[in-house]
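Q: Can you keep this structure in mind? I'll have questions shortly.
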Amino acid sequence: MSHPIKDLTDSMISLPAGAITLRDDRIKRTWTVEIAPFQLAKYPVTQTLYFAVTNKSPSTFKGNNKPVESVSWFEAIEFCNLLSQQSGFEQAYLIDPDNNNVSLNLKSNGYRLPSDAEWEYACRAGKKEVRYGEIHDIAWYQENANDATQEVGLKQPNAWGLYDMLGNVWEWCWDIYDKEVYGSYRVFRGGGWSDKERGCLASNRRRSHPTYQIDDLGLRLARSQ
């Protein structure tokens, strides 16, 4: 019988070094980020994996192989550390419970959230296009999701073998969006089941408070190499 943590280890995909140019349409700014080699999970975190690690089932739309959702950024960070501990890896995050301050050790071999730049780099998979295929073929969104999340891995992957990068659930990233304007708000990416077609683009960046939870927002795991 398979085990969800071992299944995750087997499904981490190694991505090459490169660079990505990001754009924030709100402030009309572009910037380029160098990307070191890293690993990214083939699928969003499923409810089975989340329960195996935390013994919790927060999702609105129940289903073992559906993506976990209704998870805050803080809960995602805690999940990463728990999973690292259970996998015998060094924890990537140092969490100060007194002030909710979180710091990241990129040299750790533990599980973590992808950075904003890593996420878009992985989603585009070396292509310039903002969508890696026809939307009906690659994403669960407003037109085809039947008002709910769907099991991961049923749509076509991108060129690097990553599934559900667009649609199904948005995915938390590590980064603060704009500290001066939004304070501690964190970035999330990818579009979700309730979004229209224009919401499911590699370039879309949204943000919310790290305590925010909603039924179209989950996470995907990364590891440094």
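Q: If the label point is 7 Å along Cα→Cβ of residue 144, which residues in the range 158-191 have backbone nitrogen under 20 Å from it?
A: 158-171, 190-191
Q: When the chain is fully extended, how far beyond the present Cα-Cα distance does residue 129 get from residue 82, taking 0.36 nm per residue of separation?
A: 13.3 nm
Q: List, in the order given, every pair from 56/107; 107/127; 107/128; 127/179; 66/155; 42/66 whose Cα-Cα distance in the structure shown is over 20 Å.
A: 56/107; 107/127; 107/128; 127/179
Q: Still on this structure, please answer the following. What full-extension length gain, to one decimal in nm, is calculated for residue 107 and residue 151 as 0.36 nm per residue of separation minus the Cα-Cα distance?
A: Once the chain is fully extended between residue 107 and residue 151, it gains 12.6 nm.
Q: So, in nm, how far is label residue 17 from label residue 137 when the simple model puts each one 7 Å beyond its Cα toward the Cβ?
A: 3.3 nm
Q: Would you mind calculating the relative contact order of the range 11-117 from Cα pairs under 8 angstrom and at least 6 residues apart, reporting the percent as a whole number?
A: Over the range 11-117, the number comes to 19 percent.
Q: Using Cα pairs under 8 angstrom and six or more residues apart, how large is the relative contact order of the range 145-225, in percent?
A: 29 percent
Q: Let's see if you can work this out: charge +1 on each Lys and Arg Cβ, -1 on each Asp and Glu Cβ, no other charges. What is the dipole magnitude of the chain about its Cα centre, in debye to the nearest 20?
A: Using only the charged Cβ atoms, the result is roughly 380 debye.
Q: Have a look at 17, 125, 202 and tell me which one the Gaussian network model of the chain (Cα, springs below 10 Å) gives the largest fluctuation.
A: In this elastic network of the chain, the residue with the biggest mean-square fluctuation among 17, 125, 202 is 17.
Q: Also, I was wondering about something else. Using all alpha carbons of the chain, what is the percent of pairwise distances in each 5 Å bin, ordered from the shortest bin to the longest?
A: 1, 7, 15, 21, 22, 18, 11, 4, 1, 0, 0
Q: With an 8 Å cut-off on Cα pairs and a minimum separation of 6 or more residues, tell me the relative contact order of the chain in percent.
A: Relative contact order here is 24 percent.
Q: In the chain, what percent of the accessible surface is made up of carbon and sulfur (1.4 Å probe, ligands and nucleic acids excluded)?
A: Answer for the chain is 46 percent, counting heavy atoms of protein chains only.
Q: Dividing the alpha-carbon Rg of the range 162-214 by 2.2 N^0.38 Å yields what?
A: 1.14
Q: Then there is this: With each pseudo-label sitting 7 Å past Cα toward Cβ, what's the residue 159-residue 55 distance in nm, one decimal?
A: Roughly 4.6 nm, to one decimal.
The values are calculated or read from the model by the stated rules, or taken from the named source; none is laboratory data. Small disclaimer: the values here were computed from a predicted structure and weren't measured. Glycine also receives a Cβ, built like all others from the backbone with ideal geometry; neighbour counts cover every protein chain displayed. For accessibility, only protein heavy atoms count, side chains too; no ligands or nucleic acids. Shrake-Rupley method; radii C 1.70, N 1.55, O 1.52, S 1.80 Å.
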